[in-house]
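Every read-out reported here was derived from the displayed coordinates using simple, explicitly stated rules and does not represent laboratory data. Note that the coordinates shown come from a computational prediction; the quantities given were computed from them, not determined experimentally. Cβ placement follows ideal geometry from the backbone for every residue including glycine, while neighbour counts extend to all protein chains displayed.
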Amino acid sequence: MQEEEVRLNKFVASCTELSRREADRLIQEGEVSVNGSICTNPAVRVITGHDQVRLGRKALHQRPPMVVAFHKPREVVCSRSDERNRKTIYNLLPHKFHHLKHVGRLDQDSEGLLILTNDGQLAQQITKPATKLEKEYQVTIDQPFESELLLQLVKGVHTPEGQGKAKYAQRISPRRISVVLESGFKRQVRLMLSTLGFRVTRLVRVRIGSLTLGELPLGKTELLDKLAIEHLLTNPEPRKNSPN
């Protein structure tokens, strides 16, 4: 991992199984030292790989980079905790992955491929609009559609949240569409279709870059190797839109 400047509480939490709040408490209680001196301010900034941080007598070190694919089910939110006591992805993740952060999110009613990592640089590569990394969704709607709908999705749709546009849109069946986005806003696919008079009954993200959901079971995780990460960060060969 590259050296970076981070808040002390964030560093302590990332090196342990502690939550950020638990890290705050231990720092304020004088349990953490930086370069040999007790530090009680959770907001102090430390340089990873340079400053020496200890929790009690234990030296803390950043964990090695880890990237995990997760098949998110419906009715689960992308959050560590929820004020409405809804089930979160961290209720389903193995404890060994609880220090990872989700990259982007899928809303409560959506399912499919979600990436988690402790590598901030990789997370930025996935989420930054400038990278134009494709995300593919298989969408089921409440009624059959004509080919004109696909053309409208690619041309662009003005929604209450702004102009939404698909890179590709293809028919899977009379009520199912494959929609590919390069960048977008919250609930973009749902809002685009709602604006055009269609209600989404199911939405599954099946691909990010060239990495597909594949046979990963619902609610399960898979640790990605170097080749899988390369697929994650690379779009497949361009294809043509097909209204049929």
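Between Ala59 and Glu161, how many nm apart are label points set 7 Å from Cα along the C-beta direction?
4.6 nm
Counting only Cα, what are the radius of gyration and maximum Cα-Cα distance Dmax of segment 5-60, in Å?
So, for segment 5-60, Rg and Dmax equal 9.5, 24 Å respectively.
What aspartates and glutamates sit close enough to Lys101 to cross-link, taking a C-alpha to C-alpha distance under 14 Å and skipping anything fewer than 8 places away on the same chain?
Glu17, Asp119
Testing the spin-label approximation: label points 7 Å from Cα along Cα→Cβ at Leu216 and Ser173. State their distance in nm.
2.4 nm
Simple spin-label model, 7 Å along Cα-to-Cβ: Ser81 to Gln121 in nm?
Going from the Ser81 label point to the Gln121 one covers 3.3 nm.
Please give the length that would be gained between Lys101 and Leu227 if that part of the chain were fully extended, namely 0.36 nm times their separation in residues minus their C-alpha to C-alpha distance (nm, one decimal).
Working: separation 126, 0.36 × 126 = 45.36 nm, distance 2.09 nm.
Full extension from Lys101 to Leu227 adds 43.3 nm.
Between Arg190, Arg105, Arg20, where does the largest GNM mean-square fluctuation fall for the chain, given springs only between Cα atoms within less than 10 Å?
Among Arg190, Arg105, Arg20, the largest mean-square fluctuation in the Gaussian network model of the chain belongs to Arg20.
Which percent of Cα pairs goes in each bin when the distances of the chain are cut into 10 angstrom slices starting at zero?
Per 10 Å bin, starting at zero, the Cα-Cα P(r) for the chain comes out as 7, 27, 29, 20, 11, 5, 1 percent.
Just rank Glu161, Glu29, fewest to most, by other beta-carbon atoms within 10 angstrom. Don't jump to the answer; show the numbers that get you there.
Working: Glu161 14, Glu29 9.
Placing the least packed residue first, the sequence is Glu29, Glu161.
Could you name the lysines whose alpha carbon sits less than 28 Å from that of Lys96, not counting residues in the same chain fewer than 8 places away?
Cα-Cα hits under 28 Å: Lys10, Lys58, Lys72, Lys87, Lys128, Lys135, Lys220, Lys226.
Report the FRET efficiency, 1/(1 + (r/R0)^6), for Thr40 and Thr88, where r is their Cβ-Cβ distance and R0 is 35 Å, rounded to 0.05.
Details: r = 30 Å, r/R0 = 0.87.
In this case the efficiency is close to 0.70.
I need His158, His231, His98 ordered by Cβ neighbour count within 10 Å, fewest first.
Working: His158 10, His231 16, His98 13.
Lowest to highest Cβ neighbour count: His158, His98, His231.
Report, in whole Å, the centroid distance computed from the Cα atoms of segment 101-142 and segment 191-244.
Centre-to-centre (Cα) distance: 9 Å.
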